[in-house]
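Worksheet: one structure, shown below.
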Amino acid sequence: MSKALEAEKRTGFKRSDMRVLRESGRVPAVVYGKKADGIAVHVDGKDLLRHVQRGGADIFSLNVKGGSASQVMIKDVQRLNGRIIHADFIQIDKNTPVRASIAIDYQGEAKGSKEGGIFQIQANELEVEALPDDLPQSLEIDVTHLEIGDKLTAADLKLDDKVKLVSSEDEILASVVVPQVLEEDTETAGEEAEVAPERVGDEEKSE
């Protein structure tokens, strides 16, 4: 579990109040859950960013000044020009399964890449469901066996029995494709092969 995040209750809700908070380095936020019916708070922007960068499975204590502390996850963040301007937290019950988007960790180098193919990533994270303590920090998947033309789907992931995949099993995660330049060269060679007999025929007619 990562470091606790300190929060203070919001007292102003006008647009000007939000602007003052953001200009001072604070981020407006709301806490949801069984024990919290939309509690409005604000947190330090730099401290919040550290938790955002840890990923969807980051569970931490949110300590509200003058109130109580609760275990939460980041449900959503809103950005403007790359800067976080609002956040939603959801309270966590250790006995209740939660859903989270977990980053995919591609392991190794694809065999097809060594043969001239291009390894392309189509998905960087997948949604899973599990008890808070069973949520993985990342989803590891081996790509070394992939040859040119091969692809990986969510169904290829080997998840712990305690973790349920929420995303579609058919979702494509990554693939190894033929380089576009190679495809163009092949097409050009084919066109030249078709044109060559016509040139020979023209020469024969001219004689």
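The values are calculated or read from the model by the stated rules, or taken from the named source; none is laboratory data. Everything quoted here is computed from the prediction, not taken from an experiment. So basically every Cβ, Gly included, is an ideal-geometry build from the backbone, and we count neighbours across all protein chains shown. Only protein heavy atoms, including side chains, enter the accessible area calculation; ligands, DNA and RNA are left aside. Shrake-Rupley method; radii C 1.70, N 1.55, O 1.52, S 1.80 Å.
Quick notes on this structure:
- The stretch 104-167, relative contact order [Cα under 8 Å, separation at least 6], %: 48
- Inter-probe distance in nm under a simple model that places probes 7 Å from Cα toward Cβ, at E115 and K151: 1.8
- Take the Cα of K3, step 7 Å toward its Cβ, do the same at S61, and the gap between the two points is 1.4 nm.
- The apolar share of the surface of the stretch 14-56, taken as the fraction of accessible area on carbon and sulfur atoms (1.4 Å probe, ligands and nucleic acids excluded), comes to 49 percent.
- Carbon + sulfur, % of accessible area of the stretch 102-161 - ligands and nucleic acids excluded, 1.4 Å: 40
- Under 10 Å, Cβ to Cβ, from E8 - net charge with Lys/Arg +1 and Asp/Glu -1: +2
- Under the simplified labelling scheme, the N124-S24 pair shows an inter-label distance of 3.3 nm, with each label point 7 Å from Cα along Cα→Cβ.
- Cα centroid separation, the stretch 84-149 to the stretch 32-80 (Å): 22
- Segment E140..K46, full-extension length gain: 31.0 nm, with 0.36 nm per residue of separation and the alpha-carbon distance subtracted.
- The residues of the stretch 24-83 have, on average, 57 Å² of accessible surface per residue, using a 1.4 Å probe with all protein chains present.
- The chain, helix-only ellipticity at 222 nm - DSSP H runs n ≥ 4, -39,500 (n - 2.57), divided by all residues, nearest 500: -7500 deg cm²/dmol
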